[in-house]
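For reference, the structure discussed in these notes is given below.
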Amino acid sequence: MRAKSATDSSNWSAIWHFTTLNNVSLASPTNSATGRMPNVTLDWDLVSGITYYDYEYDTTVTFNSPLHQYGSVASGTSEFTTSNLRFGTKYYWRVRARHSADTSQWSAIWNFTTLDNVTLVTPTNGATGKMPNVTLDWDLISGITYYDYEYDTTVTFNSPLHQYGSVASGTSEFTTSNLRFGTKYYWRVRARHSADTSQWSAIWNFTTLDNVTLVTPTNGATGKMPNVTLDWDLISGITYYDYEYDTTVTFNSPLHQYGSVASGTSEFTTSNLRFGTKYYWRVRARHAADTSQWSAIWNFTTLDNVTLVTPTNGATGKMPNVTLDWDYVSGITYYDYEYDTTVTFNSPLHHYGSVANSTSQVTTSNLLFGTKYYWRARARHAADTTQWSSTWNFTTLDYLTHVSPTNGATNVSINPTIDWNGITGITEYRYRFSRYANFETYTELSSSTTSQATLSNLFYGETYYWQVRAGHSADTSEWSQPWHFTTAFQLTVAPNLISPTNNSTDIPLSSVTLEWSSVTGATFYEIKYDVNSSFTNPVTGQTPNLTYNSDVLQNATTYYWKVRAGNSAGFSPWSAVWNFTTEVLALDAPILVSPPNHATNIPITGTLLEWLAVSGATMYDYMFDDDPLFNSAVCGSTPDLFTATCNLEPNTTYYWKVIARNETINSPWSEVWTFTTGNGTFINDFQNKNIFIYPNPVNSFLTISITDDICTLINISLIDLNGKIIWMQNDVYQKIIYLDVKSFSNGQYFLKIENFNKKIIIPIIIEH
């Protein structure tokens, strides 16, 4: 190569050289690969700039056998997939490339060998315990049409039980059926397509299970129910299970039971087994072609008696209607129970009964108080009855226990409520109380079935003793252990007030603490205070202390207060009435809010003067005038934060200020603010009634003020220069209407006001 211009040429460049490829490079299957599928894919390196690839493969390295295959593929691919290659055969192959001007040399010759047989997978060779419908599985081979399989009880595959068949290439498994139990089977598989059949695979074997595996009840289990469920491992591919159970291991007693269940279940529930008896059981499986051996023989023993639960053995303080409870036994018809005051169950108080199998408890009634009872239970069904359970005992309570007033309590009301622990199963409580510990004299009453009673009109400062007992139709408990309490002393002395001193003044709210002297026997104190001495609307409080603080007092206020002592017996007389006055705090000057200072274009009607609230103020006085010296001021008062409406003159500057006050003091005047009213439009019509429109021009809200009474309703509309109504309000009766024009474009509009056949049209300018 050299470079040239219009006037000169360079020297030639250095001379380089290159060599075109001689042949194609093969990729896969790798040279001498084995175990290839009959539809193996031949793959080589892609070559750019060619038109076709030629390929050939054969069983001879000279590519001249009757099985020789030759073909071409376009340049867009670099592979070709064979079909129907012979099994267990070595194939040679090569490739070359070509285009319109040349053809490459053939590639190197590579070879591969096809697989010669199928590889088995499951059941693994020598497997045992297989189901009679075991699935035979092998490796999938691509490019074949069918798999042949055979299985037999002989390795030569020539017994009367020999089975042979085929499955299509889409699956690589086959499930047997009705294999004999406990038998060794041999099996093999081969593959085939239209051109060849593979060798048979290796011969594998498996052995079917010979019997059923038992699960529950576990061998040697005890305490089993009379309707125990016999359970075993599920076997697929069978039709029925046979089961048998008996009290003898030879299964030949008069109690022998035999039966069958369908293959969908692997259990059977017995019924009416004898109690406390050892049972033997076994199972076998069968289908149309065979029956398994009987399983191993397992045994279990049924429970021999009922297990008691509550009341626990030796329990005390039990109710006269205690509930006897025992462990539930399934598969029985009834429970028998008995209880007695003797362990031999032969006293005149002996009680015997039965309950259905749906419950495992019974509730007694009318047991004697403070008595030991013995009890037991047994179960039965149509075929047998258990032994009696163990004999347990419990003792009933002999007397009640008290709750309140606590033993030794003091300062108790003279009308106290006595309370005790109630019990179930009684028909009456009786209680008694006395001023004597030995109940030398007493008062005895009944509370029916209520476990409390209210005593009335006891003496002040007296100690009382009390007891309770319970009864039902069969017995009455002992009197409870006596408790005592002392009633409160009657309060006859009023407290003496201490602070704030009577008639004290200017007391800060933070320093107001009411204080008084103690009264002997008092447990609390009641306080009353009010703004008048007659206490018509008092605030009341209670405290166990000798001081009291209130958080609702106000400044500059006189308060009257008094105190009395209290306890459960009542109240003392009220103390003397004292008073104090809280300090007077100065009021802050109001802060003006609206109209803003120096505001302009303010409406002459409906303008509100606004300011912030002042703490402690109850009233505000305002003043406004067009004179900054307020020589002709309009004055007013309001308890609110806002004044009443002010009617003003147009195009006028006004000055205004506000003062805050309460019942005692005034604040300083606020700052003086100013505002200037706007120019409006007056219309005299509708029988000389005044309608005022402002401001005009308008940028936000147009005010339509009807300054005199118009007795009839009016219609108002806003019309643009094209005659289109862009806003309308009919049947207007308000004195003031505010029209929001912020969404309307700048320009001239017409406001039309109508009253029946009367009409006013006013030009309006909108300027934002």
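The values are calculated or read from the model by the stated rules, or taken from the named source; none is laboratory data. Bear in mind that the values here come from a model prediction, so they are computed numbers and not experimental data. Note: ideal-geometry Cβ built from the backbone for every residue, glycine included; neighbour counts use all protein chains shown.
The figures follow:
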read-out: Selected residue (only one of R2, R86, R94 is part of a strand (DSSP E or B) and either surrounded by 12 or more Cβ atoms within 10 Å (Cβ to Cβ) or without any contact (Cβ under 8 Å) to a residue 60 or more places away in the chain (or both)); value: R94
read-out: Residue list for the stretch 63-83, filter: within 16 Å of G143 (Cα to Cα) and either exposed (fewer than 15 other Cβ atoms within 10 Å of the Cβ) or without any contact (Cβ under 8 Å) to a residue 24 or more places away in the chain (or both); value: T81, S83
read-out: Scope the stretch 323-336; condition at negative phi and either part of a loop (DSSP other than H, G, I, E, B) or small (G, A, S) (or both); matching residues; value: D327, Y328, V329, S330, I332, T333
read-out: Selection from the stretch 517-532 of residues that are of a type in the set (S, T, N, Q) and either closer than 22 Å to Q490 by Cα or at pLDDT below 90 (or both); value: S517, S518, T520, T523
read-out: Tally, over the stretch 363-388, of residues that are buried (at least 20 other Cβ atoms within 10 Å of the Cβ) and over 21 Å from S477 (Cα atoms); value: 7
read-out: Y258 being among the hydroxyl-bearing types (S, T, Y), modelled with pLDDT of 95 or more and surrounded by 17 or more Cβ atoms within 10 Å (Cβ to Cβ); value: no
read-out: Some residue of the stretch 631-648 being assigned to a strand (DSSP E or B) and surrounded by fewer than 13 Cβ atoms within 10 Å (Cβ to Cβ); value: yes
read-out: Residue among P320, P311 that is modelled with pLDDT of 95 or more, surrounded by 15 or more Cβ atoms within 10 Å (Cβ to Cβ), at negative phi and not aliphatic (A, V, I, L, M); value: P311
read-out: Among (1) assigned to a strand (DSSP E or B); (2) loosely packed, with under 15 Cβ neighbours inside 10 Å; (3) not basic (K, R) - the single one Y339 does not satisfy; value: (2)
read-out: Residue check for T391: under 30 Å from F433 (Cα atoms), surrounded by 15 or more Cβ atoms within 10 Å (Cβ to Cβ) and either touching a residue at least 24 places away in the same chain (Cβ under 8 Å) or of a type in the set (G, A, S) (or both); value: no
read-out: Residue list for the stretch 724-750, filter: assigned to a strand (DSSP E or B) and charged (D, E, K, R); value: D731, D740
read-out: Number of the exception - P320 against (1) in contact (Cβ under 8 Å) with a residue 40 or more places away in the chain; (2) closer than 30 Å to D231 by Cα; (3) not in a strand (DSSP E or B); value: (2)
read-out: Residue within the stretch 106-119 that is within 60 Å of the chain's Cα centre (by Cα) and in contact (Cβ under 8 Å) with a residue 24 or more places away in the chain present; value: yes
read-out: Conditions (1) loosely packed, with under 13 Cβ neighbours inside 10 Å; (2) closer than 30 Å to S177 by Cα: number failed by S263; value: (1)
read-out: Those residues of the stretch 97-112 which are among the hydroxyl-bearing types (S, T, Y) and surrounded by fewer than 16 Cβ atoms within 10 Å (Cβ to Cβ), in sequence order; value: S100, T103
read-out: Close pairs from the stretch 365-386: first under 29 Å from M225 (Cα atoms), partner among the small types (G, A, S) and crowded, with 16+ Cβ neighbours inside 10 Å, Cβ under 7 Å, at least 6 apart; value: R376/S389; A377/S389; R378/S389; H381/G331; T386/A379
read-out: Yes/no for T441 being at pLDDT 90 or above, farther than 29 Å from G353 by Cβ, within 47 Å of the chain's Cα centre (by Cα) and not hydrophobic (A, V, I, L, M, F, W, C); value: no
read-out: Whichever residue in the stretch 582-612 is among the small types (G, A, S), surrounded by 12 or more Cβ atoms within 10 Å (Cβ to Cβ) and part of a loop (DSSP other than H, G, I, E, B) and, among such residues, is modelled with the highest pLDDT; value: A589
read-out: Residues that are within 14 Å of T676 (Cβ to Cβ) and assigned to a loop (DSSP other than H, G, I, E, B), drawn from the stretch 613-630; value: D626, P628
read-out: Within the stretch 415-450, tally of residues that are within 18 Å of L397 (Cα to Cα) and hydrophobic (A, V, I, L, M, F, W, C); value: 3
read-out: Unmet criterion (only one of (1) within 30 Å of L587 (Cα to Cα); (2) assigned to a loop (DSSP other than H, G, I, E, B); (3) of a type in the set (S, T, Y); (4) touching a residue at least 12 places away in the same chain (Cβ under 8 Å)) for T492; value: (1)
read-out: Breaking point among (1) surrounded by fewer than 19 Cβ atoms within 10 Å (Cβ to Cβ); (2) modelled with pLDDT of 95 or more; (3) not aliphatic (A, V, I, L, M), for W298; value: (1)
read-out: Matching entry among G126, G170, G165, G143 (being surrounded by fewer than 16 Cβ atoms within 10 Å (Cβ to Cβ), small (G, A, S) and touching a residue at least 24 places away in the same chain (Cβ under 8 Å)); value: G126
read-out: The one condition in (1) farther than 26 Å from N84 by Cα; (2) surrounded by fewer than 16 Cβ atoms within 10 Å (Cβ to Cβ) that D152 fails to fulfil; value: (2)
read-out: From T60, T51, residue being among the hydroxyl-bearing types (S, T, Y), modelled with pLDDT of 95 or more and surrounded by fewer than 16 Cβ atoms within 10 Å (Cβ to Cβ); value: T60
read-out: Hits in the stretch 445-476 - residues which are touching a Phe, Trp or Tyr at 6+ places or on another chain (Cβ under 7 Å) and among the charged types (D, E, K, R); value: R469, D475
read-out: Extreme residue, surrounded by the fewest Cβ atoms within 10 Å (Cβ to Cβ), among residues of the stretch 323-336 that are in contact (Cβ under 8 Å) with a residue 60 or more places away in the chain and within 42 Å of the chain's Cα centre (by Cα); value: S330
read-out: Top-ranked residue of the stretch 562-574 - restricted to ones that are surrounded by fewer than 21 Cβ atoms within 10 Å (Cβ to Cβ) and touching a Lys or Arg at 6+ places or on another chain (Cβ under 7 Å), ranked as farthest from T410 (Cα to Cα); value: W574
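For every residue, the table says whether it meets (1) in a strand (DSSP E or B); (2) farther than 24 Å from A285 by Cβ; (3) not acidic (D, E).
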| position | (1), (2), (3) |
| --- | --- |
| F157 | no, yes, yes |
| G170 | no, yes, yes |
| F181 | no, no, yes |
| R192 | yes, yes, yes |
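Per-residue answers, yes or no, for (1) touching a Ser or Thr at 6+ places or on another chain (Cβ under 6 Å); (2) more than 26 Å from R661 (Cα to Cα):
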site	(1), (2)
V593	no, no
I602	yes, yes
T607	no, no
E610	yes, no
A613	no, no
G616	no, no
